[in-house]
Amino acid sequence: MTRILFILLLLSSCGNLPITYLQNFTSVNNVVFGFPENEITEEIFDEFESSFLKIRFGRGPHAILILAYVEDDIYEWAGADDVKIFTLDGRIIKTSGLTNNSEILKPFKMDYSSKNLYETINLYNPDLYGATIKRSFDIRDETIKKLGQDIKVNRIKERFRVDAIGWNGENIYYQNATSKQIEFSEQKIHPRLPVAKLEYYIKY
């Protein structure tokens, strides 16, 4: 019963995505994330029966999204209030249910060795269809700490630019050097949203 209640509380917290990203750190968050720096510990990780991610937009509250399904290497993460985030290789390629959504059309699997890559992006609220987004990458070795362990990662800095609206920035991905799984990331997915910080917790 304790485990069921814990999971229900976590699912309830998913409603605190960017709709209220600048305020309203709810009592549910205080109950669920009542530990230093909102860290996911090994004990909390073990409470989950399926994979999940923790996400935070800017200085807003943390929220948990549960892995709904995987199809063609695309992960669908679901929260409350019909919030959904789709990722490919740890990169957000589509969102729904946020105040400002985005979608990469025909996304490629990330080839970090490429000098320049081009994709087509749609932005919503305000709407922009069929814009070209240009990406380039820089990689270096680093070590991060997760679930109490030191993990060697490839720190991938992605620079992007959408000339149609003069939008540009940087995304950071921390890729496990052994499994090639993205452990953490910092991504800008819409010009009107603050940076999204994600932590991925995969159950095998």
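The values are calculated or read from the model by the stated rules, or taken from the named source; none is laboratory data. None of these values were measured; they are calculated from a predicted model. Cβ placement follows ideal geometry from the backbone for every residue including glycine, while neighbour counts extend to all protein chains displayed. Note: accessible area is taken over every heavy atom of the protein model, side chains too, but ligands, DNA and RNA are not part of it. Shrake-Rupley method; radii C 1.70, N 1.55, O 1.52, S 1.80 Å.
The set of residues in segment 176-204 being in a loop (DSSP other than H, G, I, E, B) and under 22 Å from Ala164 (Cβ atoms) consists of Lys188, Ile189, His190, Pro191, Arg192, Leu193, Pro194, Val195. In segment 148-159, which residues are open to solvent by 50 Å² or more (accessible area, probe 1.4 Å) and part of a strand (DSSP E or B)? Within segment 148-159, Gln149, Asp150, Lys152, Arg159 qualify. If you take the residues of segment 184-194 that are in contact (Cβ under 8 Å) with a residue 60 or more places away in the chain and under 10 Å from the mean Cα position of the chain (by Cα), which of them is surrounded by the fewest Cβ atoms within 10 Å (Cβ to Cβ)? Filtering first and then ranking leaves Gln187. The residue of segment 78-97 that is nearest to Phe184 (Cα to Cα), among those that are in contact with a Lys or Arg (Cβ under 9 Å, 6 or more places away or on another chain) and in a loop (DSSP other than H, G, I, E, B), is Asp89. For Tyr75, the conditions (1) in a strand (DSSP E or B); (2) open to solvent by less than 50 Å² (accessible area, probe 1.4 Å); (3) of a type in the set (Ser, Thr, Tyr) are fulfilled apart from (2). Restricting segment 21-47 to residues that are modelled with pLDDT of 85 or more and touching a strand residue (DSSP E or B) at 6+ places or on another chain (Cβ under 7 Å) leaves a set whose member that is least open to solvent (accessible area, probe 1.4 Å) is Ile40. Among the conditions (1) surrounded by 18 or more Cβ atoms within 10 Å (Cβ to Cβ); (2) out of contact with any Phe, Trp or Tyr (no Cβ under 8 Å at 6 or more places or on another chain); (3) at pLDDT below 95, the only one that Lys115 does not satisfy is (1).
Looking at Lys145, is it under 19 Å from the mean Cα position of the chain (by Cα) and open to solvent by 60 Å² or more (accessible area, probe 1.4 Å)? When the stated conditions are applied, Lys145 passes them. Taking the listed residues Tyr129, Tyr174, the one that is buried (at least 19 other Cβ atoms within 10 Å of the Cβ) and without any contact (Cβ under 8 Å) to a residue 40 or more places away in the chain is Tyr174, with no other qualifying.
Across segment 43-95, the qualifying residues are those that are acidic (Asp, Glu) and touching a residue at least 40 places away in the same chain (Cβ under 8 Å), and the one among them that is nearest to Ile172 (Cα to Cα) is Asp89.
Could you go through segment 75-88 and let me know if any residue there is out of contact with any Gly (no Cβ under 8 Å at 6 or more places or on another chain), modelled with pLDDT of 90 or more and among the basic types (Lys, Arg). Within segment 75-88 (the criterion being out of contact with any Gly (no Cβ under 8 Å at 6 or more places or on another chain), modelled with pLDDT of 90 or more and among the basic types (Lys, Arg)), the answer is no, since none of the residues qualifies.
With respect to (1) surrounded by 21 or more Cβ atoms within 10 Å (Cβ to Cβ); (2) at pLDDT below 90; (3) among the aromatic types (Phe, Trp, Tyr), the lone exception for Phe57 is condition (2).
Could you please let me know if Tyr69 is open to solvent by 30 Å² or more (accessible area, probe 1.4 Å), closer than 15 Å to Tyr200 by Cβ and assigned to a strand (DSSP E or B)?
It is false that Tyr69 is open to solvent by 30 Å² or more (accessible area, probe 1.4 Å), closer than 15 Å to Tyr200 by Cβ and assigned to a strand (DSSP E or B).
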